[in-house]
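The values are calculated or read from the model by the stated rules, or taken from the named source; none is laboratory data. Source: prediction; values computed, not measured. Methodologically, a virtual Cβ is constructed for each residue, glycine included, from the backbone with ideal geometry; neighbour enumeration extends over all protein chains shown. Side chains included, ligands, DNA and RNA excluded: accessible areas come from the protein's heavy atoms. Shrake-Rupley method; radii C 1.70, N 1.55, O 1.52, S 1.80 Å.
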Amino acid sequence: MEQYNVLVVDDEKEIRDAIEIYLKNEGIKVIKAADGIEAIEKLNEQPVHLILLDVMMPRQDGITTTFRIREDKNIPIIILSAKAEDTDKILGLQVGADDYVTKPFNPLELIARVKSQLRRYVMLGTYEGKAKIIDLNGLTLDQSSKEVTAHGEPVKLTPIEYKILELLMTNAGRVFSINDIYERVWKEPSYNAENTVAVHIRKIREKIEIDPKNPRFLKVVWGIGYKIEK
């Protein structure tokens, strides 16, 4: 079984140590950092498969750190936020986080989300059947290389963004509800998923559309959900 490395970034030592205990019991190696600057240093020193990242930290906060990581890495990022407000969570998703957990968190929920993101990252793009290249009028997705191009230009997607786009492109013309998208991509029951899915859809549009407000590819079907045009 492959050894997974999870980078835990939090300015509170007690939280770092507690998460380490939870994850080590699952056979996961934990790398720890006290702030965003140290996190970037750790990322450059050793392989990391997932990041658990606190929002409020000294020197460099979690939002800034997520933004910097997303400049050249697509490692799954789960935001740890002490705030329950949607605005804090949405901001994290907007800059590239894949999921969030609100403090104080349930250890079982945290472990489940970590495992879910690790599965998705390691097996990115795995579907039944032969991998293929999907080309829809200038939007292309290569299931083997996991590369996406739009209008002839490469598109850099996070793991979650890729999975959403792959789901929609492999079912071009089919409308998926928000709940459908969440349950198929996150692999867990949908609960208050509207903001989470909507933020990722908006980010995908910004990357693949010439005019995100007048999308050519990724369409909304009002009151029902989203689809990719054939």
Gap separating the Cα centres of the range 44-86 and the range 181-225, nearest whole Å: 22
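Calculate, in nm to one decimal, what residue 194 and residue 134 gain on full extension: separation in residues at 0.36 nm each, minus their alpha carbon distance. Intermediate results must be reported in sequence, preceding the final value.
Numbers: separation 60, 0.36 × 60 = 21.60 nm, distance 2.73 nm.
Here the answer is 18.9 nm.
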Using DSSP, restrict attention to beta bridges with both residues in the chain and report what percent are antiparallel, rounded to the nearest 5. 50
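Pop out the carbon and sulfur fraction of the accessible area of the chain as a percent, whole number, probe 1.4 Å. Walk me through the intermediate numbers first.
On the way: 5760 of 11440 Å².
C and S fraction of accessible area: 50 percent.
Given charges of +1 on the Cβ of Lys and Arg and -1 on the Cβ of Asp and Glu, with all other atoms neutral, how large is the dipole of the chain about its Cα centre, in debye to the nearest 20? Working shown, then result.
Details: 34 positive and 37 negative charges, 150 e Å.
About 720 debye.
Given only helices, namely DSSP H runs of n ≥ 4 each adding -39500 (n - 2.57), what is the per-residue ellipticity at 222 nm of the chain, to the nearest 500 deg cm²/dmol? Could you put the intermediate results ahead of the total?
Numbers: 8 runs with 90 residues, N = 230.
Mean residue ellipticity, 222 nm, calculated: -12000 deg cm²/dmol.
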What is the log10 of I(q)/I(0) for the chain, computed with the Debye formula using one identical point scatterer on each Cα and no solvent, at q = 0.10, 0.12 Å⁻¹? -0.46, -0.66
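How would you classify the range 1-77 from its alpha-carbon gyration tensor, with a ≥ b ≥ c the square roots of the eigenvalues: rounded for a/c under 1.5, else prolate if a/b is greater than b/c, otherwise oblate? Numbers along the way, then the final one.
Numbers: a/c = 2.15, a/b = 1.23, b/c = 1.75.
Oblate is the answer for the range 1-77, as a/c is 1.5 or above yet b/c matches or exceeds a/b.
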Enumerate by residue number the chymotrypsin sites (Phe, Trp or Tyr not before Pro) in the range 191-230 meeting two conditions: DSSP loop (anything except H, G, I, E, B), and at most 16 other Cβ atoms within 10 Å of the site's Cβ. 191, 222
